[in-house]
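These notes concern the structure reproduced below.
Values quoted throughout were computed directly from the atomic coordinates according to the rules given, and no laboratory measurement underlies them. If you're wondering where the values come from, they're calculated on a predicted model, not measured in any experiment. FYI the Cβ positions are ideal-geometry reconstructions off the backbone, even for glycines, and counts take in every protein chain you see.
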Amino acid sequence: MTAETVFGKIVSGEIPVEFLAETDRVVAFNDMHPQAPVHILVIPKTSAYANVAELAAGDPDLLAEIVQVSRELAERFADGDFRLIFNNGANAGQTVFHVHAHVLAGGLEEGSLVGS
Ligand code: 5GP
């Protein structure tokens, strides 16, 4: 297990947020600092994976579920097209070490990448 992060507290309910989607293994909620008209974070409930490389190696089905939930959110909140960003490591802009997908959608500008 990785050290508890703010996302662990969101999963446990210690920090209340509105879940836009929830499955047995995944939750989604709005990013508190949106960088696109739609900017949703999709995270696994488990805190076992710090980043997407660990998740891909450890549980590829869970990674696929994150992509599937992202696709459904982009259909619900935008036109179905979306940009999916995983910052992997501090030098790539990752600040929360509980793996999360940034789902950006709705009127994206060319080159607008989270953390850049
Ligand atoms: P990273 O930089 O690790 O890829 O992305 C972390 C993201 O989490 C940032 O976009 C930041 O705005 C978001 N974030 C950090 N803390 C919270 C929080 O407590 N609530 C919500 N909704 N988003 C958060």
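Going by a ≥ b ≥ c, the root eigenvalues of the Cα gyration tensor, does region 24-79 fall in the rounded group (a/c under 1.5), the prolate group (a/b larger than b/c) or the oblate group? Prolate, because a/c is 1.5 or more and a/b exceeds b/c.
In this simple spin-label approximation, residue 81 and residue 109 carry label points 7 Å from Cα along the Cα→Cβ vector, and these lie 1.7 nm apart. Between rounded, prolate and oblate, where does region 6-105 land on the alpha carbon gyration tensor, with a ≥ b ≥ c its root eigenvalues, rounded for a/c under 1.5, else prolate if a/b exceeds b/c? Rounded shape, in that the Cα axes give a/c under 1.5. The angle between the Cα long axis of helix 60-77 and the longest principal axis of the Cα atoms of the chain comes to about 30 degrees, rounded to the nearest 10. Segment residue 95..residue 71, full-extension length gain: 6.2 nm, with 0.36 nm per residue of separation and the alpha-carbon distance subtracted.
Can you tell me how much longer the chain between residue 64 and residue 21 gets when fully stretched, taken as 0.36 nm per residue apart minus their C-alpha distance, in nm with one decimal?
13.9 nm
Using the basic label-point model (7 angstrom from Cα toward the beta carbon), what is the residue 6 to residue 32 distance in nanometres? In this crude spin-label approximation the distance works out to 0.4 nm.
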